[in-house]
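A quick write-up on the structure given underneath.
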Amino acid sequence: MGTLKVHDLTKTYGETVAIDHLGIDVRDGEFFVILGPSGAGKTTTLKAIAGLIEIDEGSVEISGIDMTQVEPYHRNVAMAFESYALYPQKTVAQNLASPLKSGRHARYSEQEQTQRINDVTTTLGINHLLDRLPKELSNGQRQRTALGRVLVRPADIYLLDEPLSHLDAKLRASMRAELKAIASRSSTTTLYVTHDYQEALALADRIAVLRTGKFIQIGTPEQIWREPIDTFVARSVGQPEINLVDAVVRGGRVRALGGGIEFAAPAALGLTEGQQLRVGLRPSELMVNREVHDHDWLRVAGRIRLTERLGRDVELDIEVGDGNLIVVERADRPHQEGDEVMLDIHLPNVHLFAGGEPDEDTARLGSALGHTAAPLPEALEEEVGE
Ligand code: ATP
């Protein structure tokens, strides 16, 4: 249990600004996730909070106490790195017990230690491995043991740096659910960093999207998904990435893909004749031949160019107007290359962004229905509610 307040946190390495005036306010018991690509500054942020690197500017307050000048050892944070070190000559049980035998935690009785170790190893599914040495474990088991070494210690804040990165996909999904369960059961305050948007959506109470040392948007998983502040955030969540196509306002209508997509310009956004835009369409929110004829749905004609099976789903590359859109559909629906199809698109799912150069990220203006946010898709509800 604890809170974390970070102001103006800045760290440079020579010419590189690794983190740039970051502000974070993590509430007691919150699971806060920083999502960002490689090199965005995620690890630097955690190290700065833990006191493992000297910062250039800013302050760190933990549970109401200014810790900016305090040694790491006294900050009462527990940090797990992506690459974990275990004592090779100690068993799993001994590895887990060692954080409880040193420093401020040395006060734990043998019985309390055993209880804490039991709780953590049961949750992490490694209690049958207590007598093994690290060399007798798989990589995934080693990663879980190392995570256990962090979670076994009581701390104000848990700082977790991609703790699931070495696990295979199936184990990662089940550990994701376990971590969420541990966090809500023990009401720990967690700051978790990852480049995996699914992990962020599934685990977070709130997500901060980090790009080259700056937060672009902070919000709930729903807000990040439904109302991404710009094209960078929109591209950061969802696989395959959101389709972004250039568009222009002509005669009060938004036209994209050479007229392949066209709809009335939403009055609430105050768009002007000739304004350049980008239309954003998530592959999972484009539906093929659903025969929806409701007023806030759009029907668009296309032809399937390519199909690629992705397990339960199929990825379709569909020619629309003078371009193409990527669509993810359920694989149990009949789709053949060359088929003429109709795409059914719910207008609140059509994001409108300002126009820009191909490599430039631009702001979201609203949806094709004005300021109405996109509804939360079922798949995301499952992830968010996991
Ligand atoms: P990844 O997901 O790849 O681990 P990250 O988001 O954790 O990336 P950081 O490791 O925080 O990113 O790095 C942020 C930036 O700071 C990068 O440009 C990196 O090259 C630079 N950087 C990090 N540590 C150092 C260092 N010790 N010396 C010089 N530059 C560094």
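Using alpha carbons only, the radius of gyration of region 240-385 set against its Kirkwood radius gives Rg/Rh = 0.96.
Think of a 1.4 Å ball rolled over the protein heavy atoms: the chain then has 46 Å² of accessible area per residue.
Computed from label points 7 Å out along Cα-Cβ, the spacing between H74 and R309 is 6.3 nm.
Measuring between alpha carbons in the structure, the pairs from K42/K170; K170/K214; K47/K90; K42/K180; K5/K135; K11/K170 lying more than 30 angstrom apart are K170/K214; K5/K135; K11/K170.
Annotation: extensible slack from K170 through D296 equals 41.6 nm (criterion: 0.36 nm per residue apart, minus Cα-Cα distance). Magnitude of the charge dipole for the chain, about its Cα centre and with charges confined to Cβ atoms of Lys, Arg (+1) and Asp, Glu (-1), is about 1340 debye. A compact globular protein would have a Cα radius of gyration near 2.2 N^0.38 Å; the ratio found for the chain is 1.14.
Computed from the Cβ-Cβ distance with R0 of 45 Å, the FRET efficiency linking D25 to D339 stands at 0.35. Between the amide H of Q217 and those of V209, distances stay under 5 Å, these residues lying 5 or more places away or on another chain, with hydrogens modeled in the peptide plane.
The values are calculated or read from the model by the stated rules, or taken from the named source; none is laboratory data. Being a predicted model, the structure only gives us computed values, none of them experimental. Don't worry about glycine lacking a Cβ; one is built from the backbone with ideal geometry, like all the others, and counts go over all protein chains shown. Side chains are part of the model used for accessible areas, which takes the heavy atoms of the whole protein and leaves out ligands, DNA and RNA. Shrake-Rupley method; radii C 1.70, N 1.55, O 1.52, S 1.80 Å.
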